[in-house]
Amino acid sequence: MTALDAVFKAYDVRGIVPDQLDARACRAIGWAFARFAGTPRLVVARDMRASGEALSSAFIAGARVAGADVVDIGLASTDTLYFASGRLDAPGAMFTASHNPAAYNGIKFCLAGARPVGQDTGLAQVRATAEEAMASSSDDGVETGGY
């Protein structure tokens, strides 16, 4: 797993699975996003990529450790995730790498009401918090503090 700065882009997270983005990183990112969002509930969805189920499950586990109740809507389009975010008035995370090849996966984030999250509107904070969380746990996932 490379540093998170390799996968955090201006408006989303994106990388090759598992070389750049793996379950351990997604757990830390889920924990960090739940803390950033500061709401009791998050919505999560994924596209049809083979890695989506494992990565979104890890993200959900991290968000739950942070105290969030997660509504997993499963296989869905990005538009459906944004609709759910608006309807449930909850932040959301969509696991997709859009037009990138199948080896990639990623995460698009939104706040309640489907307001986008980008580098200047919280994504940098999510990255910093996730990096701290990963630094405080061992490579085998055993928590040593933080998350």
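The values are calculated or read from the model by the stated rules, or taken from the named source; none is laboratory data. This is a predicted model, so every value here is computed, not measured. Every residue, glycine as well, gets a Cβ built from its backbone with ideal geometry; the counts of neighbours run over all protein chains shown. Surface areas here come from the heavy atoms of the whole protein model, side chains and all, with no ligands, DNA or RNA. Shrake-Rupley method; radii C 1.70, N 1.55, O 1.52, S 1.80 Å.
Brief remarks follow.
- Looking across segment 24-51, the residues that are closer than 20 Å to A76 by Cα and open to solvent by 10 Å² or more (accessible area, probe 1.4 Å) come down to R41, R46, D47, M48, R49, A50, S51.
- Scanning segment 78-96 for residues that are over 12 Å from the mean Cα position of the chain (by Cα) and open to solvent by less than 60 Å² (accessible area, probe 1.4 Å) returns T78, L81, A84, S85, G86, L88, A90.
- Beta carbons closer than 8 Å, at least 6 apart along the sequence or on distinct chains, pair a first residue in segment 10-31 that is closer than 20 Å to A102 by Cα and in contact (Cβ under 8 Å) with a residue 24 or more places away in the chain with a second that is polar (S, T, N, Q) and surrounded by 24 or more Cβ atoms within 10 Å (Cβ to Cβ) for R14/N105; G15/N105; V17/N105; L21/N105; C26/S56.
- Given (1) over 15 Å from D22 (Cα atoms); (2) under 17 Å from the mean Cα position of the chain (by Cα), number of the condition P101 does not satisfy: (2)
- For L75: the one exception among (1) without any contact (Cβ under 8 Å) to a residue 40 or more places away in the chain; (2) under 20 Å from A130 (Cα atoms): (2)
- Looking across segment 1-21, the residues that are part of a loop (DSSP other than H, G, I, E, B) and either among the basic types (K, R) or crowded, with 20+ Cβ neighbours inside 10 Å (or both) come down to V7, K9, D12, V17, Q20, L21.
- Among the residues of segment 52-65, at least one is in contact with a Cys (Cβ under 6 Å, 6 or more places away or on another chain) and open to solvent by 10 Å² or more (accessible area, probe 1.4 Å).
- Any pair with Cβ under 9 angstrom, 6 or more apart, that starts in segment 125-147 at a residue that is modelled with pLDDT under 65 and ends at one that is surrounded by 11 or more Cβ atoms within 10 Å (Cβ to Cβ) and part of a strand (DSSP E or B): E143/S137; T144/S137; G145/S137; G146/S137; Y147/S137
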